[in-house]
Every structure is written in C-alpha cells, then in structure tokens.
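One structure below.
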Amino acid sequence: MCGIVGYVGSSRVAPVLLEGLRRLEYRGYDSAGVAVHVDGKIEIVRAAGKLDQLEHALEARPMNGSVGIGHTRWATHGRPSEQNAHPLLAGDVAVVHNGIIENHVELKRQLTNSGVEFSSDTDTEIVAHLINRAHTEGVSLMAAVRQALTQVRGAYALAIVSRREPDCIVIAKQSSPLVIGVGDGEMLCASDIPALLPHTRRVIFLDDGEIAQLTATEARIETLDGKPVERAAKTVDWSPVAAEKSGFKHFMLKEIFEQPRAVEDTLRGRVSLETGDVVDSELGLDGEVARQIDRVVFLACGTSYHAALCGRYWVEQLAKVPAHTELASETRYRDPVFTSRDLVIAISQSGETLDTWAAVKTAKEHGAHVLAVCNVLDSAIPRMSHGALYTHAGPEIGVASTKCFTTQLVALLLLAIWLGRRRDTLNSHRAATLLQALVEIPHAMRITLERKDAVHAAARRWMHAEHMLFLGRGLGYPIALEGALKLKEISYAHAEGYAAGEMKHGPIALIDENMPVVVVMPRDAHFEKTLSNVQEVRAREGQVIGIISDGDQEAAAVAQMTLSVPNVADAVLPLVTIVPLQLLAYYIADLKGTDVDQPRNLAKTVTVE
Ligand code: F6R
C-alpha cells in the first residue's frame with residue numbers, strides 16, 4: 001500500500017517524481033522520499049509526514065539529475081519516520097518497494113550474521129542489501145536484482161537505481177502492481193497509471209515474476225529466470241486532467257460530482273433498449289456459463305462488499321439464481337466450498353486488494369468460474385479471473401470510494417439483467433424497462449447533486465454528533481451500511497449501519513434524544529415497514545434524518561429532517577439514495593476539518609492481509 005515511481009529521461013527528475021508521488025499519495029501518506037543520480041552519486045532526500053514535507057526538503061536541497069526513483073509510504077514494518085522512509089540505500093544501490101517481504105526475519109538474521117548493519121526497521125532494506133551484495137564487479141544491476149530475488153519470498157513492486165549504472169532503473173514485480181509508461185525519449189514506472197499521465201498514456205503492465213531494465217528509449221522486460229518478454233504498449237483512455245481536482249476543494253467532492261458522467265461511461269455501448277438486453281460482448285462472460293451455474297458468489301471487501309450486497313439482491317430477483325455475498329477477508333481463512341457450477345463475482349475498484357485476490361485464487365482452484373468487476377485495467381484481480389467487466393469511473397483518488405461504488409452498482413445490475421435474459425427468467429420487456437431506468441440515472445443523480453446545499457445544512461446541524469445510526473431495508477440496507485462507512489472513515493464519527501428490521505433486536509437500546517438516525521426510506525416496496533421502524537425511533541425521541549422520495553408527505557411528516565431524491569424505479573434507487581449520504585459524510589468531515597482525501601490510518605489500495 002505504498003506508491004512507487006521512477007523516471008529516466010532528460011527532464012529534471014525531482015519535480016517529475018514529486019508530481020508522480022502526488023498522484024499516488026492516496027496509496028500511502030506517512031512518509032516519502034526520492035533517490036536521484038547526481039554527478040556519479042546517488043542523492044537521497046526523505047521526509048516523515050505527508051508529501052508537502054518532502055517538497056520542503058527538496059526546496060532546501062535542489063537536485064539536478066534526470067534519473068531517479070520515488071516513494072510514498074504506508075507503514076507496515078517500522079513506524080513512519082524519516083529513517084524508515086524509502087528509498088533505502090545499501091552501498092551502491094537505492095531501493096523503493098511496495099509490498100511485504102515475508103521471510104524478512106530469516107533474511108535479516110543471515111545478513112546481520114554476515115556483518116551487515118541496518119539503518120532502518122524496514123523489510124525493504126534487506127532487499128537493498130541483498131542486491132548490493134550481489135552487485136559485485138562485473139555483475140549488472142539487472143543480474144544482481146534477479147539473483148537477490150531468488151532469496152526473497154513475498155509481495156513486491158521494486159524500483160532500483162545503482163550508482164554504477166547512471167542511465168537506467170531496474171524494476172521487478174510480484175503481486176504488487178507496477179506499470180511502465182512509454183514516453184517520447186523518456187521512460188517511467190509507477191504503481192498506478194495516474195502517476196504516468198502527465199507524460200504518457202502508453203503503458204505496459206508488468207506481470208508477476210517479471211523484471212525490466214528501463215532506459216530513456218527502451219524497456220527491456222524479462223522473466224525472473226531470464227526469458228525475454230515481448231509486450232506491446234497499450235494506450236489508456238484516462239486523460240491527464242482526470243487525476244486533478246479541477247477547482248473542487250477535494251478529490252472526493254469532485255468524484256461525487258463526477259458520478260453522472262461515470263455512470264454514463266459505464267453504460268456506454270453495453271445497453272440495447274431495442275432488444276431489451278445487455279450487449280453480450282461487453283460482459284466478459286460466456287452465455288453458456290450463465291446457463292450452467294447454479295450459484296453466484298460475490299467476493300469483496302469494504303465499499304465493494306456493499307455493492308455486492310446490492311448485486312445479490314438483483315441476481316436473485318432478476319436471474320433467480322441463489323446468490324451469496326462473502327467478505328473476502330473472511331473467505332480465505334475458512335475452508336470455503338466452491339464448485340465448477342459457481343459463478344464467482346469478485347468486486348474490487350483497485351483490482352489489488354490482497355484479501356479479494358486470495359479469495360479469487362481459492363475459488364478458481366476449486367473450479368469456479370470467476371468474473372472480476374474492476375475499475376483498473378489489467379490489475380491483479382482481473383488477471384487472476386476468467387473475465388473482467390470494467391467500470392469506467394476513471395481514476396478515483398479520494399481514499400473514500402464514491403464513483404467507483406456507483407459504477408460497480410451499474411455493472412452489477414447490468415450483469416443481473418444479462419443473467420436473467422440468458423436464463424429466461426427475465427423477459428425483454430421487463431429488461432428494457434430496467435435498462436431504461438438505468439439510462440435515466442445520470443439525470444436523477446444530477447438533480448440530487450444540485451441539492452447539495454440542503455445536505456450541507458444537515459451536515460452543519462449534525463457535525464458534532466459522536467454517534468450516528470444508519471438504517472435501511474432491502475436495497476436500502478447496503479446503502480445504510482455504505483453511508484455509515486463513508487461517515488466513519490472520513491469524519492471519524494462512530495457510525496453504524498443496520499438493517500432496519502434488526503433494530504428491535506438490539507440497537508434500539510441506543511436510541512435517545514441524542515442519537516441521530518439516518519433512515520434510507522424512499523417509496524419502494526419496503527416503505528411501509530421502514531416507516532414503522534422510524535416510528536419506533538421517534539417514540540424513543542431519536543432524531544430522524546430521512547432519505548425520502550420527492551413529494552413524499554408521509555415520510556416528511558415523521559422525520560425531523562429530510563433529504564429527498566427523485567422518484568426512480570425501485571431497482572435503481574441505490575444509485576440515487578447513496579448520493580446524499582456521500583455528501584453528508586463529505587460535508588461533516590470538511591466542517592470538522594479532517595483530511596478528507598487522505599483520512600488517517602487508511603490507504604486506497606489494501607495489499608496487506
Ligand atoms: C471505503 C473503501 C474501502 C474499499 C475496500 C476494498 O471507501 O474504499 O472500503 O472499498 O478497501 O477495496 P477494493 O474495492 O479496491 O477492493
């Protein structure tokens with residue numbers, strides 16, 4: 001969960017690395033550093049804290065070279081400090097690393113016994129020493145890295161520079177992401193595409209077990225056992241400005257407002273309203289699989305898990321297949337049962353979440369057919385799966401997921417409709433009605449977003465609440481969970497999501513006049529029941545903030561405060577009811593002055609277990 005970046009070219013490298021790190025800061029933000037070739041030496045500047053600290057340090061110590069590597073850290077081994085920040089230097093080599101070296105204890109003992117002294121508490125420094133030891137007279141950096149990696153077990157994306165080879169960077173990958181950017185007379189590498197975009201949109205994804213030498217004009221890729229790899233560059237369609245704030249105060253706010261566009265992009269080319277169907281070629285699945293399966297299992301973590309809960313609802317309702325949702329972080333530690341008649345749908349915006357990846361691997365080993373729903377092209381989870389259905393949200397930089405969540409919902413509803421059509425449980429007329437409702441969602445989202453001032457007023461009213469309960473039924477339940485997660489992760493208020501019907505089984509004990517209760521209560525099939533739960537809250541003097549349908553007087557009469565959303569079909573309600581909850585969390589966090597885009601202790605991609 002760190003970000004790495006490297007550059008070989010003719011520009012002054014320090015600003016290039018800093019800009020790249022800014023675009024990767026979402027991956028980790030407790031310390032950062034760069035290593036640059038300058039006049040036959042490797043100079044290193046590191047700083048604890050956020051990237052601004054590194055920027056100040058670089059202002060105080062400008063560097064002129066045009067080859068270098070950089071890193072932004074999310075601490076795993078060793079506390080966040082300048083000493084533990086990357087790059088780590090050992091003799092002639094400097095290393096940046098994203099991942100975890102699993103056999104670090106054993107390797108450190110061996111190195112210490114042979115006289116090596118360590119200057120940090122990191123597992124990465126071990127790799128630096130192993131490479132430096134192998135990089136003897138006549139052994140190239142590439143060969144030394146290869147040799148060192150034979151001893152290393154674990155996950156890594158590495159970028160390495162050597163004082164003795166001033167015109168190149170060597171990179172290697174196992175389980176952590178790494179992508180090469182092919183520029184014009186310059187070559188880059190990074191943990192994620194946004195860092196490359198100011199320079200190029202031509203990218204080459206490195207595979208696990210591969211190593212590459214980057215010079216200004218060439219990326220020489222080989223497998224770790226020395227076989228050359230020929231891989232053409234792909235052009236990504238993300239624009240450089242997609243990873244900028246464009247006048248918004250935070251990335252998260254920008255991304256909330258981008259949702260109508262993101263939904264349109266995710267729908268584009270996938271819907272046929274004439275035939276009432278989803279376009280086959282766009283789904284990453286074979287019709288035969290749809291007919292053969294007798295179960296759908298969703299695997300995901302966090303926000304993506306909340307999307308899975310909606311997916312389950314849709315798959316059961318529209319395709320009439322038994323469906324289950326699994327927290328991927330739990331699945332891998334059970335002895336889960338998967339069969340060849342399972343369709344596993346792995347949902348991950350980053351495509352890198354280790355728990356989800358490992359659960360997918362297990363499912364695949366048991367013969368299940370796996371489809372990834374993902375926002376990042378060619379990332380680890382799509383690669384581990386049989387097919388991929390990409391959401392087209394564009395880069396999501398804010399750590400709290402918003403537009404990736406809503407585009408996951410779109411993808412899952414498309415999938416459920418497609419399954420229903422293939423399994424003859426959904427006729428074309430009903431499918432066309434659902435698809436039409438989906439196509440109209442961007443408009444309904446825009447209307448909801450225009451009402452941001454009402455949400456801001458609610459945020460001002462409730463910003464000091466230390467606890468908040470979120471309730472919902474049916475498709476409103478995952479939305480309640482997601483609303484609570486958004487609030488807790490960025491505002492640090494304690495928030496809990498509950499199925500409204502569960503309240504009387506325990507949480508009702510929490511209700512008193514100081515407990516704000518957000519109730520997702522649009523006019524859907526569950527409305528009457530949810531209304532009864534609201535009455536129960538009111539009877540105990542709880543404060544109700546209702547997410548209601550436009551014009552619903554009955555709902556408005558029971559809630560102290562309401563935020564209304566346009567009247568859309570029941571099946572697509574989550575796509576609008578989530579919007580005021582995202583905004584509520586955002587405005588409360590902003591009013592409290594927390595770090596909205598980079599909340600404490602979190603990172604955007606979770607590549608640790
Ligand atoms: C919350 C959030 C996380 C992620 C979770 C899974 O806003 O973003 O809960 O949803 O870490 O990440 P992905 O979807 O990348 O697998």
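Of all DSSP beta bridges located in the chain, what percent are antiparallel, nearest 5? The partial results should precede the final answer.
Working: 64 of 105 bridges.
Around 60 percent antiparallel, to the nearest 5.
Give Lys504/Lys592; Lys41/Lys227; Lys486/Lys592; Lys173/Lys403; Lys50/Lys592 a once-over and call out the pairs whose C-alpha atoms are over 23 Å from each other. Provide the component values of the computation, followed by the final result.
Details: Lys504/Lys592 32 Å; Lys41/Lys227 31 Å; Lys486/Lys592 15 Å; Lys173/Lys403 29 Å; Lys50/Lys592 20 Å.
Distance filter (> 23 Å) returns Lys504/Lys592; Lys41/Lys227; Lys173/Lys403.
Given the Cα-Cα distance of Ala233 and Glu330 and 0.36 nm per residue of separation, how much length would full extension add, in nm? Walk me through the intermediate numbers first.
On the way: separation 97, 0.36 × 97 = 34.92 nm, distance 3.69 nm.
Here the answer is 31.2 nm.
Would you mind ranking Phe118, Phe257 so that the residue whose beta carbon has the fewest other beta carbons within 10 Å leads the list?
Phe118, Phe257
Would you mind calculating the gained length between Asp286 and Arg268 on full extension (0.36 nm times residue separation, minus the Cα-Cα distance), in nm to one decimal? Could you put the intermediate results ahead of the total?
Numbers: separation 18, 0.36 × 18 = 6.48 nm, distance 2.00 nm.
Gain in length upon complete extension: 4.5 nm.
Which ³J(HN,Hα) values in Hz, rounded to whole numbers, follow from the phi angles of segment 204-221 under the Karplus curve 6.51 cos²θ - 1.76 cosθ + 1.60, where θ = phi - 60° and Gly and Pro get x?
Running phi through 6.51 cos²θ - 1.76 cosθ + 1.60 with θ = phi - 60° gives 10, 7, 7, 8, 4, x, 10, 9, 8, 10, 9, 10, 4, 10, 8, 10, 9, 9 Hz.
Could you compute the FRET efficiency for Ser10 and Asn514, with r as their C-beta to C-beta distance and R0 at 45 Å, rounded to 0.05? Numbers along the way, then the final one.
Details: r = 62 Å, r/R0 = 1.38.
Once rounded, the FRET efficiency stands at 0.10.
What is the angle, in °, between the Cα long axis of helix 302-314 and the longest principal axis of the Cα atoms in the chain? Nearest 10 is fine, range 0 to 90.
Long axis of 302-314 versus the principal axis of the chain: about 40 degrees.
Using helices alone, I'd like the mean residue ellipticity at 222 nm for the chain: each DSSP H run of four-plus residues gives -39500 (n - 2.57), total over residue count, nearest 500. Don't skip to the answer; put the middle values down first.
Details: 20 runs with 213 residues, N = 609.
Result for the chain: -10500 deg cm²/dmol, rounded to the nearest 500.
What FRET efficiency comes out for Asp225 versus Gln560 if R0 is 56 angstrom and r is the Cβ-Cβ distance? Round to the nearest 0.05.
Working: r = 67 Å, r/R0 = 1.19.
Rounded to the nearest 0.05, the efficiency is 0.25.
Just for segment 216-373, what percent of DSSP beta bridges are antiparallel, to the closest 5? It would help to have the intermediate numbers written out before the result.
Details: 4 of 19 bridges.
Here the share of antiparallel DSSP bridges comes out near 20 percent.
Taking Rh as the Kirkwood radius computed over C-alpha pairs, what is the Stokes-Einstein D of segment 254-448 at 25 °C in a medium of viscosity 0.890 mPa s, expressed in µm² per second?
150 µm²/s
With Cβ to Cβ distances under 11 Å as the rule, what net charge do the other residues near Val45 carry (K, R +1; D, E -1)? Walk me through the numbers on the way to the answer.
Numbers: positive: Arg46, Arg61; negative: Glu43, Glu55, Glu59, Glu82.
Summing Lys and Arg as +1 and Asp and Glu as -1 gives -2.
Pulled fully out, how much extra length does the chain show between Asp453 and Gln83, if you take 0.36 nm times their separation in residues and subtract their Cα-Cα distance? Could the numbers behind the result be given before it?
Numbers: separation 370, 0.36 × 370 = 133.20 nm, distance 4.56 nm.
Between Asp453 and Gln83, full extension yields 128.6 nm more.
Fewest first, what order do Thr530, Thr223, Thr402 take by the number of other Cβ atoms within 10 Å? Please list the in-between numbers first.
Values: Thr530 23, Thr223 14, Thr402 29.
Ranking Thr530, Thr223, Thr402 by Cβ neighbours within 10 Å, fewest first, gives Thr223, Thr530, Thr402.
Charges at C-beta only: +1 for Lys and Arg, -1 for Asp and Glu. How large is the resulting dipole of segment 254-448 about its Cα centre, in Debye rounded to 20? Numbers along the way, then the final one.
Working: 20 positive and 23 negative charges, 46 e Å.
I would put it at about 220 debye.
Taking the Cα-to-Cβ direction at Ser340 and at Thr433 and moving 7 Å from each Cα, how far apart do the two end points lie in nm?
With each label point 7 Å from Cα toward Cβ, the separation is 3.9 nm.
Rounding to the nearest 10 and keeping the result within 0 to 90°, find how far the Cα-based axis of helix 452-462 lies from the longest principal axis of the chain.
Taking Cα atoms only, the helix is inclined about 90 degrees.
Provide the per-residue ³J(HN,Hα) series for segment 281-296, in order, calculated from phi with Karplus coefficients 6.51, -1.76, 1.60 and θ = phi - 60°, each as a whole number of Hz, with x at glycine and proline positions.
In residue order, the calculated couplings are 5, 8, 9, x, 9, 8, x, 4, 4, 4, 7, 7, 6, 10, 7, 10 Hz.
Short version: what are the Cα gyration tensor semi-axes of segment 426-539, square root of 5 times each eigenvalue, largest first, in whole Å? Could you put the intermediate results ahead of the total?
On the way: eigenvalues 157, 76, 29 Å².
Computed over segment 426-539, the values are 28, 20, 12 Å.
Using the number of other C-beta atoms within 10 angstrom as an exposure proxy, rank Ser532, Ser379 with the fewest first. The partial results should precede the final answer.
Numbers: Ser532 12, Ser379 26.
Ascending Cβ contact count within 10 Å gives the list Ser532, Ser379.
Just going by the charge dipole of segment 451-592, with Lys and Arg at +1 and Asp and Glu at -1 on Cβ, which of Ala589, Ser532, Gln543 is farthest out on the positive end?
Ala589
If I take every Cα pair under 8 Å that is 6 or more residues apart in the chain, average their sequence separation and divide by the length, what percent do I get for the relative contact order?
On the way: 1436 pairs, mean separation 71.6, N = 609.
Relative contact order of the chain: 12 percent.
Can you work out the Karplus-derived ³J(HN,Hα) for every residue in segment 538-547? Use 6.51 cos²θ - 1.76 cosθ + 1.60 with θ = phi - 60°, whole Hz, and x for glycine or proline.
Residue by residue, segment 538-547 yields 4, 4, 10, 6, x, 9, 9, 10, x, 9 Hz.
Which far-off residues, 5 or more places away or on another chain, put their amide H under 5 Å from the one on Arg473, with H placed in the peptide plane?
Ala500
If Lys and Arg each add +1 and Asp and Glu each add -1, what is the summed charge of the other residues whose beta carbon sits under 12 Å from the beta carbon of Leu267?
On the way: positive: Arg261, Arg268, Arg270; negative: Glu264, Asp265, Glu282, Glu440.
Taking every other residue near Leu267 into account, the sum is -1.
With everything on Cα atoms, drop me the angle between helix 428-439 and the longest principal axis of the chain, reported from 0 to 90° to the nearest 10.
60 degrees
Treat every Asp and Glu Cβ in segment 2-244 as -1 and every Lys and Arg Cβ as +1, leave all other atoms uncharged, and give the resulting dipole magnitude about the Cα centre to the nearest 20 debye.
Charge dipole, segment 2-244, about its Cα centre: 140 debye, nearest 20.
Which value, in debye to the nearest 20, describes the size of the charge dipole of the chain about its Cα centre when Lys and Arg Cβ atoms bear +1, Asp and Glu Cβ atoms bear -1, and nothing else is charged? Can you show the working numbers first?
Values: 61 positive and 75 negative charges, 34 e Å.
About 160 debye.
Here, each number is a calculation from the coordinates, and none is a lab measurement. Keep in mind that what you see is a predicted model, and the values were worked out from it rather than measured. Glycine also receives a Cβ, built like all others from the backbone with ideal geometry; neighbour counts cover every protein chain displayed.
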